[in-house]
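Trainee: For reference, the structure I am asking about is given below.
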């Protein structure tokens, strides 16, 4: 077993410290959680197929003032910039165009306030993180919509659970859906979940 390379660091890290580390080393995927680097295993082909297919379907249906991106860093803006920060990398995210353009001008990372929808595709080992940790973090960050796509085991039907912010209660789920998923918010969309794998 080969250890993943860990960049030189002083902990805890601010978001600016994290950005200064640069791109992840080959074979590693880092996020920042409360100032600490955390790593996730590389995704499986089934996960990546779902990611590409879902991204394409969203891209075809979103309004012109939004953009879809896979796997980009997002500052959850949970603390002041001088404090140990949290940067997550949703599998897919829908961002307002102004946020994308700001990021292009200024550099750094996208901000939670620029994210309209975050999507996580559950992989083996990410169940708790996707269903609990990121669920709470994204709600605290004010990301209005959060979808969790669960591939299950090979042969299982793909399911999607759509969450939306409901004030002080955090996210409220509309219920787990298999087959055809339709929504009117944050934009009108229809996705055949069975066609994602």
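The values are calculated or read from the model by the stated rules, or taken from the named source; none is laboratory data. Please read all numbers here as calculations on a predicted model, not as lab measurements. Ideal geometry is used to build each Cβ from the backbone, glycine not excepted, and the neighbour counts take in all protein chains shown.
Trainee: I need the full set of residues from the stretch 51-68 which are farther than 14 Å from residue 147 by Cβ, in contact (Cβ under 8 Å) with a residue 40 or more places away in the chain and touching a strand residue (DSSP E or B) at 6+ places or on another chain (Cβ under 6 Å), in order please.
Mentor: 66, the sole residue that qualifies.
Trainee: Let me ask something additional. Being within 18 Å of the chain's Cα centre (by Cα) and under 19 Å from residue 131 (Cα atoms), is that true of even one residue in the stretch 175-197?
Mentor: No, the stretch 175-197 contains no residue that is within 18 Å of the chain's Cα centre (by Cα) and under 19 Å from residue 131 (Cα atoms).
Trainee: Report, by residue number, each residue of the stretch 163-191 that is under 13 Å from residue 58 (Cβ atoms) and either surrounded by 12 or more Cβ atoms within 10 Å (Cβ to Cβ) or in contact with a helix residue (DSSP H, G or I) (Cβ under 9 Å, 6 or more places away or on another chain) (or both).
Mentor: 181, 183, 186, 187, 189, 190, 191
Trainee: Looking only at residues that are touching a helix residue (DSSP H, G or I) at 6+ places or on another chain (Cβ under 9 Å) and free of Cβ contacts under 8 Å to residues at least 60 places away in the same chain in the stretch 94-103, which one is farthest from residue 40 (Cα to Cα)?
Mentor: Only one residue tops the list, namely 98.
Trainee: On the phi > 0 side of the Ramachandran plot and modelled with pLDDT under 95: does that describe residue 142?
Mentor: The answer is no for residue 142.
Trainee: Would you confirm, using the coordinates I've provided, whether residue 124 is in contact with a helix residue (DSSP H, G or I) (Cβ under 8 Å, 6 or more places away or on another chain) and in a loop (DSSP other than H, G, I, E, B)?
Mentor: When the stated conditions are applied, residue 124 does not pass them.
Trainee: In the stretch 28-48, which residue that is closer than 22 Å to residue 160 by Cβ and within 16 Å of the chain's Cα centre (by Cα) is surrounded by the most Cβ atoms within 10 Å (Cβ to Cβ)?
Mentor: Of everything passing the filter in the stretch 28-48, 47 is surrounded by the most Cβ atoms within 10 Å (Cβ to Cβ).
Residues are listed down the side, and each one gets a yes or a no for (1) in contact with a strand residue (DSSP E or B) (Cβ under 6 Å, 6 or more places away or on another chain); (2) at pLDDT 95 or above; (3) more than 14 Å from residue 53 (Cα to Cα); (4) not in a loop (DSSP other than H, G, I, E, B):
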| residue | (1), (2), (3), (4) |
| --- | --- |
| 174 | yes, no, yes, yes |
| 187 | no, yes, yes, no |
| 191 | yes, yes, no, yes |
| 194 | no, yes, no, yes |
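Trainee: Taking the stretch 80-93 as the region of interest, how many residues are outside any loop (DSSP other than H, G, I, E, B) and touching a helix residue (DSSP H, G or I) at 6+ places or on another chain (Cβ under 8 Å)?
Mentor: 3
Trainee: Here is a further query. Look at residue 13 and say whether it is surrounded by 13 or more Cβ atoms within 10 Å (Cβ to Cβ) and in a loop (DSSP other than H, G, I, E, B).
Mentor: yes
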